[in-house]
1. If the chain between Gln323 and Leu202 were fully stretched, how many nm would it gain, using 0.36 nm times the residue separation less the Cα-Cα distance?
2. Got a number for carbon plus sulfur as a percent of the stretch 249-357's accessible area, 1.4 Å probe?
3. Pop a pseudo-label 7 angstrom from the Cα along the beta-carbon direction at both Leu280 and Ile314 and give the gap in nm to one decimal.
4. Using modelled backbone amide H atoms (1.01 Å from N, in-plane), which distant-in-sequence or interchain residues come within less than 5 Å of Gln300's amide H?
5. With a 1.4 Å probe and every protein chain left in place, work out the accessible area per residue of the stretch 163-212 in Å², rounded to a whole number.
6. When Lys and Arg each count +1 and Asp and Glu each count -1, what net charge do the other residues less than 14 Å away from Ile314, Cβ to Cβ, add up to?
7. Hey, rough spin-label estimate for Asn114 and Gln69, points 7 angstrom out along Cα→Cβ, what's it come to in nanometres?
8. For Gly253, enumerate residues with amide H under 5 Å from its amide H, sequence gap 5+ or separate chain, H modeled in the peptide plane.
Amino acid sequence: MDNTNQKKALISGEIALFLRGLIIGKVLTLMVIGGLLWWLLRPNLASRTSVNSSNQNFNTLSSSASTFQTVADVPTDSFNYGGSTAWASIRQLVDSQIQSDRPELQLRYVNPVNGSPGSSSGIRMLLDGKLDFAQSSRALTDEEQAIARERGFTLEQRQVGMDGIAVVVNPSLNVPGLTVDQLQQIYLGKITNWNQVGGPNLPITPLSQRPEDADTLIFPSNSDLKGQTFGSNVQYVYSTTEAVRQLSKAPGGVYYASARSVLPQCSVKALPLGSTSDQLISPYSEPMVSPEQCLRQRNQLNTQVIKNGSYPMIANLFVIIKQNKGREQQIGDAYAKLLLTDQGQRAIEQAGFVGVR
């Protein structure tokens, strides 16, 4: 009987030890599994924390960015403006956003009665009191400043963006590119055949807006060639649209205009430009889109060469403001401030130009 009890006690003790070992083993197994899961999930948790932190920083940045709503002293009225045709995409995209966010401000683009629209005609209309402010893709000339002073006020040019001046030809023309001097000599009538600049034996047909209506200038106001008369072989066009149409039919034609305006056109191609013939730089992002691909993909402005100043012909975008202490000065100043906000600069870049901030 005693032996039987001893055997039962021994068996009970072994069972208890087995169960205790089993429990401890399961606990250890769960701890190992739990630790492994924690280790595997840790990067995701860290990533989630990082994303949350980034979102918080973005929200903080967004809340501190200047917008159309943050600009003070925007006048409540309807105003007339006009000028550069290169600004067309800004008027379509940026100005529509401004008027959506600031409905108290109404802007109306006005074309000139005589001549074609452009920077020159817009500044002339501002001087004549037909516009409240003007948009220009070139700097003011000494003559325009002098006219303003004669009429009892001054003109201020406030830069809000940058563009390039592109030279475009018929897609069939095989020319490596042009220097700025060669381009100027073409329009002065001193280079008259493409074989003089590395091209085929083909007469050059230069196209241009009339100087008094010009949107962009290839003879800057600080140039020795300022005021030079174009050659007799230059053919004048009303607009860039007309020039592009003519170039598609003229194998020897050439035209210069806002890069943003002409680079996406499928019926012309842009030439590389340079200060010297061994430093030619394309105004478009490489590789160039061929005319066959153009309907599916358009050439875009190479913003990098505009930003770093390596492209030789830059067109600065200015708001021209009449400094007369009147309503014109108030709206011109407000419009420039709207374009120089963070929101305005982003919109200018969305329109295909380069911001200045």
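The values are calculated or read from the model by the stated rules, or taken from the named source; none is laboratory data. In this text, all values refer to a predicted model and were calculated from it rather than measured experimentally. Methodologically, a virtual Cβ is constructed for each residue, glycine included, from the backbone with ideal geometry; neighbour enumeration extends over all protein chains shown. Accessible surface areas use protein heavy atoms only, side chains included; no ligands, DNA or RNA. Shrake-Rupley method; radii C 1.70, N 1.55, O 1.52, S 1.80 Å.
1. Values: separation 121, 0.36 × 121 = 43.56 nm, distance 4.95 nm.
Result for the pair: 38.6 nm of gain on full extension.
2. On the way: 2180 of 4900 Å².
Of the solvent-accessible surface of the stretch 249-357, carbon and sulfur hold 45 percent.
3. Label-label distance for Leu280 and Ile314, simple model: 2.3 nm.
4. Under 5 Å from the amide H of Gln300 lie the amide H atoms of Ser285, each far enough along the sequence or on another chain.
5. Details: 1860 Å² over 50 residues.
Averaged over the residues of the stretch 163-212, the accessible area is 37 Å².
6. On the way: positive: Arg138, Arg260, Lys307; negative: Asp163.
Summing Lys/Arg as +1 and Asp/Glu as -1 gives +2.
7. 4.8 nm
8. Asn170, Thr205
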